[in-house]
Each structure stands twice: as C-alpha cells, then as structure tokens.
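Structure record follows, encoded as structure tokens.
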C-alpha cells in the first residue's frame, strides 16, 4: 500500500489530476480533422470540449459528499470505471452528437478522479504542506499537457483521431488496477449525514459564507477559465489562421506548457519558504503579465506563433504558482468536509471554463484578438482579487494553523489518556477549534 509523504503517493495523485488534461489535450490536435471526417463545423467540434466541462462540473457536485460518507477509494473506483467505459464509446462514435454525449459521460467519470485527489491531499496534509503537495502533483501533472498533444499529434498523423481515445481507455484501465491494489482508504472519520439534496446544498451554503474560500475560489476559476480559452481556441487560431499543421501545432502547444512544468517544480519548494499568500501573488502577477503580453503581440503585430507560445508559457507559469496554493488555502478550514469543498471548487472552476469556452466557440479562429483579450482579462482580474483579499487570507491561514496544532494536541492527549495526561495537555485538548 502507498503511504503519505512518498513519491509513489504523489505520483498516483498526480496521475488522477492529469485525467482532465489527458482526456482533452490528446485529441486537441485532431479537432479540425474530427470536424471534416464527421461532416460538421468547428463550432460543433468545440462542443466536445464544452460538453466535457459541463459534465466535469456537474459530476463534481455529487462526488465530494458521497466520498465524505462512503470513503475515497470506492468512490474513486466507480468514477474511473465510468471514465474508461465512456472513453471507449468516444473511440467508436459514428457522428458528432454521439461523440459529444460520450464526452459528457467521460467527464462525469473523470471529474471524480480530481475531486478525490484533492480530498486525499486534504486528508493527509494541511497548511503549506498541502500546498507543497498540490504543487508537486501539478509539476508531475504538467508533463501530461506537454506530451499529450505531441502524442496526440503523432497518433493523429499515423492512425487518426479514434486511436487517441483508445490510448485513453488503456490509461483509465491501468489506473483502476493501480488504485485497487495500492491506494489505501484515507478517510478515517466518515460523516454520518445522509446524502440528500438539502444536506448537500446546506453544506455548500456554509462554504459560500466563508470570504477567504470565495476569494480563492475566484482565483482558481478565473485562472483556469483563461487556460481553457487557450485550449479551446488555439487549435483554430494557430492552425486555421496561421497555417500550422496538426503536428506543428502539437509542438507549439507543448512548448507553451513548459511554463507550468517548470514553475510547478519551483512552487513546491518556494511555498515552504515564502508562504501560500505570496506564492499566490507571484502566480497572479504571472497570469496578468502573460495575458497582457499576448495583447501586446497582437497590437504590435509581432511573430504570432512565437509570441503567443511565450505569452502562454508565462501565463501557465503563473497558473502553477497560483492555482495549487489557492486550492489548498480554500480547503484549509474544512478538514471534516474536504470532499465537499473539493467538489464545490471543481464545479465552479469547470463551469466558468465551460461557459467561457462556449462563448469563444462562436467566434473560433476568426481573430487572435479574442483569445488575447480573454487571457488578459482573466489574468488581471485574478491579480486584483488576490490584492483585495490578502488580509482575509492571512487571518484564515493563521486560524487554520491554530486548529492544526489543536488537533495534534488532542491526538497526543488521546494517546496518553485523559486521566494520565498532564493537566496542561488536558486543558488544551478541551479547547474548541478557532
């Protein structure tokens, strides 16, 4: 069995979080070809992305509360099985409508993987250590967007778009086997609350009343929406407007992902030195700088492919500084409801991306300005939101650390025994959480 604080556990959790990028990025180079072979236009093909995000968002609403009650491992295995089965349907889809429907089911399964990965991190870690683990997972996960489009481009050139989904099926089945055999159950105190719509809504209402949760949620949603704007529109901008082949686009797309690969590794160690808030601040600054540099590229008519790739690499570098820490900071106060907190984060994150992707889809490939303006807006708004929430975030982090110490003291007191423990330990252990 895998244990906390091991590279094996980090690698498995990173693989689970990579399901979304792999399921999307591998077939992105094939999108124009899918439209031609299935007899439809780019707008309809865009719906295979938007439908995926809609399913990804809706599914996350239910996985968290279910896992808080029944455990992480059984919930995860069910999600992986659904993901693998739907991926097989994608591979044999005879028309665009079937592909869109299968992508929705694929998302309903795949979203469970990332919800469970974040919840498991919160089960095992807290504070900057949780942020560090999420950054490590992000660094490993960043390999997927770098190599997935390259693999997808090669597979598209040699075997066609359906083969990409067959590869995804193989990855899904392999992950089921690894999870079944090696992943322990990390939830030790299951919630006794019944799974009803009212209880779920009541739980989410409690998150919505927490200001720092909302601020970090906003940063996560905005930064990810900008990334999805790039995923959604860049195949048409770079291939249809600027004439790149699918393989050339795959190389450009992978090069832009190097920013997240490098910064994810740096953020894992940096957050332990400068703290979560400053790391988020550096990330949002990178988001804004990447978006504004893409605007400058369009305005100054600089070489589009080179400047777009460099600008997106900067944006993704900022993303990997900001988003893992914002996720960790948002979940920090809710150790007893980590699954539900992860669900709400993912729902809003994916919903905002799906909405933005649908809006961009109506104008795909007509102009590079729309993509550049979207990235600039999401980056600058993330920076403003971070600046406006700094005081609240710092206070919430201090409270969470106090609670963490209290939990550790209670654990010590329980181990020693209330009657045998020192009176000071007994008095501290009796204190309520902050």
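Please treat every number below as a calculation from the coordinates, not as lab data. The structure presented is a predicted model; accordingly, all values stated were derived computationally and were not measured. Note: ideal-geometry Cβ built from the backbone for every residue, glycine included; neighbour counts use all protein chains shown.
Key figures
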| item | result |
| --- | --- |
| Angle in degrees between helix 197-208 and the longest Cα principal axis of the chain, rounded to the nearest 10 | 90 |
| Among 342, 232, 203: highest mean-square fluctuation, GNM of the chain, C-alpha pairs under 10 Å | 203 |
| GNM flexibility winner over the chain from 359, 108, 381 (Cα, springs under 10 Å) | 359 |
| Cβ-based exposure ranking for 180, 161, 47, in which fewest neighbours within 10 Å come first | 180, 47, 161 |
| Residue of 174, 268, 252 that the Gaussian network model of the chain assigns the largest fluctuation, springs spanning Cα pairs under 10 Å | 174 |
| Residues of region 232-252 with amide N under 20 Å of a point placed 7 Å along Cα→Cβ from residue 369 | 233-243 |
| The chain: radius of gyration over Cα atoms, expressed as a fraction of 2.2 N^0.38 Å | 0.98 |
| Potential lengthening between residue 241 and residue 208 on full extension [0.36 nm per residue; Cα-Cα distance subtracted] | 7.6 nm |
| Set of region 52-76 residues, backbone N closer than 15 Å to the point 7 Å along the Cα-Cβ line of residue 95 | none |
| Gyration tensor (alpha-carbon) shape descriptor, region 1-116, a/c threshold 1.5 | prolate |
| Inter-probe distance in nm under a simple model that places probes 7 Å from Cα toward Cβ, at residue 390 and residue 154 | 4.6 |
| Å³ per residue enclosed by the Cα convex hull of region 237-334 | 104 |
| Pairwise Cα inverse-distance average, inverted: Kirkwood Rh of region 279-322 (Å) | 10.1 |
| Net lengthening on full extension, residue 4/residue 182 (0.36 nm per residue, minus Cα-Cα) | 62.9 nm |
| Tail weight of P(r) past 20 Å, computed on alpha-carbon pairs of region 80-150, percent | 49 |
| Model label zone, residue 199; criterion: amide N under 15 Å from point 7 Å along Cα-to-beta-carbon; scope region 55-86 | 62-71 |
